[in-house]
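To start, the structure itself, in structure tokens.
The values are calculated or read from the model by the stated rules, or taken from the named source; none is laboratory data. On a predicted model such as this, the values are computed, not experimentally measured, just so you know. Heads up, the Cβs are rebuilt from the backbone with ideal geometry, glycines too, and the neighbour counts pull from every protein chain shown.
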């Protein structure tokens with residue numbers, strides 16, 4: 001989600017142990033305290049109706065109530081399931097098509113125009129059409145998510161396979177690698193940093209539209225459905241709790257899933273600096 | 001087949017590309033005409049073209065596109081006005097970075113479209129919601145790219161400029177801003193792509209009369225698949241035009257001319 005940021009490597013002064021860790025935590029917490037305090041003051045001042053602008057304790061209470069009742073975990077589970085089903089679809093199709101396009105000139109010639117035509121249309125715009133064709137429900141939601149996140153995967157895999165150094169391919173061939181081993185030991189590891197970037201961007205895209213797709217596809221459970229459903233009853237506290245959960249999941253996907261995955265593969269193989 | 005023809009690589013690529021596009025179009029047309037599916041759901045290409053033509057001629061499509069562009073550009077401009085200076089200041093001044101960076105990292109993973117229901121409650125249906133959603137979507141790529149651009153300006157250039165007697169003002173306009181410009185332009189591009197997705201999604205949910213997102217969503221109710229596909233074509237065409245023509249020429253006029261990045265080989 002922050003592909004442009006992570007590439008910059010600016011040296012920082014090494015933090016001193018002990019006291020400075022506390023200070024770092026204080027620095028991290030300070031902006032949130034300021035914004036939280038401003039929110040509280042606005043909410044309690046009664047400028048806006050409390051129903052529309054609930055104080056933070058109401059949001060926390062709504063979060064706790066829904067979690068204890070088991071409603072929120074179920075919404076989260078369904079949303080994640082949908083996200084991963086769509087994402088796996090996109091990953092399989094995207095990596096296959098991308099590798100084919102990178103390896104074979106013929107496949108590139110045939111597929112590139114099709115992919116370039118589909119890519120500039122925002123995925124969300126296809127959603128009503130796909131729902132018209134395949135009906136409401138999970139199948140359409142997963143299909144839309146898969147379709148949308150396939151494009152960045154295709155483009156990045158394609159670039160990655162083409163960016164594998166020609167000299168590596170030639171030396172592997174000279175040393176007697178057959179096509180299978182060439183692919184497995186040279187091309188795949190070489191292209192993997194790009195493939196990961198593509199998967200990351202694809203997941204971020206999928207995450208960005210899944211919320212709306214859930215509403216449009218009228219699925220019975222899901223975070224998108226939770227916040228849009230809460231609007232009907234003016235439950236702003238539930239909506240904001242839902243938005244907060246969405247943010248936390250987004251952050252967790254990035255930090256826990258991708259950074260780990262990257263660490264275990266490309267960084268360990270020395271393809272990329274952590 | 002084509003591989004054996006005595007033509008150049010480039011011609012062969014174009015030939016193969018057109019064959020692929022034509023083949024997909026022919027498949028679609030054959031399915032549409034076969035009568036397996038209701039014609040309302042799967043209109044023939046001829047019907048889609050006719051609908052598009054009629055909608056362009058009577059001005060409705062232009063009105064939809066104009067409304068969408070208006071909302072998008074308002075939100076996008078707002079995001080530049082706020083995000084660019086903020087990002088640059090975050091790159092220049094440590095306290096500002098310390099204050100805004102944690103907030104940005106916390107807000108960024110929330111998809112802009114998740115705010116739509118909240119914003120509808122706060123601001124009512126209409127343009128404000130769409131513009132604010134676009135603003136939210138475009139703000140973070142703009143800000144973070146400006147921030148990393150400023151931070152990645154070569155230290156050597158700063159010292160050289162300082163040694164040659166540049167004051168703060170000259171340093172900013174002559175060194176930092178051009179140095180950060182490749183990142184800033186990447187930020188503009190990313191922000192535009194996000195904004196374009198956001199505006200279509202926001203219009204589906206929050207507008208009630210005009211807009212390309214709204215017309216697609218509304219056409220679903222009346223099973224007008226031809227209108228939907230026609231609007232998709234327009235959305236794709238606008239996105240493509242901006243990406244290639246507008247940002248491509250900005251890039252050529254600035255960073256490529258200044259030698260900051262090299263043009264991709266044709």
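At-a-glance table
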read-out	value
Any hit, the stretch B:158-171, residues being within 11 Å of chain A (Cβ to nearest Cβ) and part of a helix (DSSP H, G or I)	no
Members of the stretch A:106-126 found to be more than 8 Å from chain B (Cβ to nearest Cβ) and more than 22 Å from residue B:244 (Cα to Cα), listed by number	A:107
Residue within the stretch B:42-61 that is facing another protein chain (nearest Cβ under 9 Å) and touching a helix residue (DSSP H, G or I) at 6+ places or on another chain (Cβ under 6 Å) present	yes
Selection count where residues are part of a loop (DSSP other than H, G, I, E, B) and buried (at least 16 other Cβ atoms within 10 Å of the Cβ), scope the stretch B:82-111	4
Conditions (1) within 12 Å of another protein chain (Cβ to nearest Cβ); (2) more than 22 Å from residue B:206 (Cα to Cα); number of the one not met by residue A:265	(1)
Tally, over the stretch A:91-102, of residues that are away from chain B (no Cβ under 14 Å), surrounded by fewer than 19 Cβ atoms within 10 Å (Cβ to Cβ) and touching a helix residue (DSSP H, G or I) at 6+ places or on another chain (Cβ under 6 Å)	1
Listing of helices (runs of 4 or more DSSP H) fully contained in the stretch A:1-90 that carry 1 or more residues being touching a helix residue (DSSP H, G or I) at 6+ places or on another chain (Cβ under 7 Å) and at pLDDT 85 or above	A:19-45, A:56-68
Of residues in the stretch A:217-233 being at the interface with chain B (Cβ under 7 Å from one of its Cβ atoms) and more than 26 Å from residue A:257 (Cα to Cα), the one surrounded by the fewest Cβ atoms within 10 Å (Cβ to Cβ)	A:231
Residue among B:114, B:138, B:106 that alone is under 14 Å from residue B:201 (Cβ atoms) and at the interface with chain A (Cβ under 7 Å from one of its Cβ atoms)	B:114
Number of the exception - residue A:253 against (1) surrounded by 17 or more Cβ atoms within 10 Å (Cβ to Cβ); (2) without any contact (Cβ under 8 Å) to a residue 40 or more places away in the chain	(2)
Residue within the stretch B:8-24 that is in a helix (DSSP H, G or I), under 28 Å from the mean Cα position of the chain (by Cα), buried (at least 17 other Cβ atoms within 10 Å of the Cβ) and more than 12 Å from every other protein chain (Cβ to nearest Cβ) present	no
Qualifying helices (runs of 4 or more DSSP H) (wholly inside the stretch B:174-249; at least 3 residues being more than 10 Å from chain A (Cβ to nearest Cβ) and crowded, with 24+ Cβ neighbours inside 10 Å)	B:177-206
